[in-house]
Amino acid sequence: MTTKRTGRTAAKSVPGLRPHVLVLHGPNLNLLGSREPKHYGLATLDDINRALTARGDDAGAQVETFQHNHEGALIDRIHQAARDHVDFIVINPAGYTHTSVALRDALAGTAIPFVEVHLSNIYSRETFRHHSYFSDLAVGVISGLGAQGYELALEYALRHLQDRTPHGSQKTEKAH
């Protein structure tokens, strides 16, 4: 399991102060860098997490990463995300993409917006990988761009949160 918090304290995010993005990595992603590099590339999970937390720091956002191989731990972390005032989730459900109604229900139940990320192009692989239990709930899906997919998802999350007021309501555009 990999857990990392950025920022000066490990305290819970306070709404309106600093955007809080949670990056969730599903099963077997702890093996990145050595696991099937043809599909998943050579970047390690630590490489990906370092890049994401550095980008978050540059943007003034708290980026927290969490990886677990057990479905229940991922579900518990999503539930905790609501209590932690997480503003946005970037998730690579990995193998649970195609099997986990429970993980889907946790995301639906917290109603935290999220982007679904896949390192490989799930549509160019085995047929069973073509179905996702998450895509219809996701704000967007990034598939097949390797580690850069996480970076693009984070950039979207940061822009999405920048367009919101401190209380979470959308900014209104002024008429010209």
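The values are calculated or read from the model by the stated rules, or taken from the named source; none is laboratory data. None of these values were measured; they are calculated from a predicted model. Note that we place each Cβ from the backbone using ideal geometry, even for glycine, and neighbour counts take in every protein chain shown.
Quick notes on this one:
- The residue that is modelled with the lowest pLDDT, counting only those in region 113-133 that are part of a loop (DSSP other than H, G, I, E, B) and either surrounded by fewer than 21 Cβ atoms within 10 Å (Cβ to Cβ) or hydroxyl-bearing (Ser, Thr, Tyr) (or both), is GLU126.
- Selection count where residues are closer than 13 Å to LEU22 by Cβ and in a helix (DSSP H, G or I), scope region 40-74: 5
- Qualifying residue in region 28-36 (condition: closer than 30 Å to ARG164 by Cα and either buried (at least 17 other Cβ atoms within 10 Å of the Cβ) or at pLDDT 95 or above (or both)): no
- Consider region 48-92 and keep the residues that are surrounded by fewer than 22 Cβ atoms within 10 Å (Cβ to Cβ) and of a type in the set (Asp, Glu). The one that is farthest from the chain's Cα centre (by Cα) is ASP58.
- Single unsatisfied condition, ALA54 versus (1) among the hydrophobic types (A, V, I, L, M, F, W, C); (2) under 21 Å from GLN80 (Cα atoms); (3) at pLDDT 70 or above: (2)
- Only one of the numbered conditions (1) more than 15 Å from VAL21 (Cβ to Cβ); (2) of a type in the set (Phe, Trp, Tyr); (3) at pLDDT 70 or above is not met by TYR150, and that is (1).
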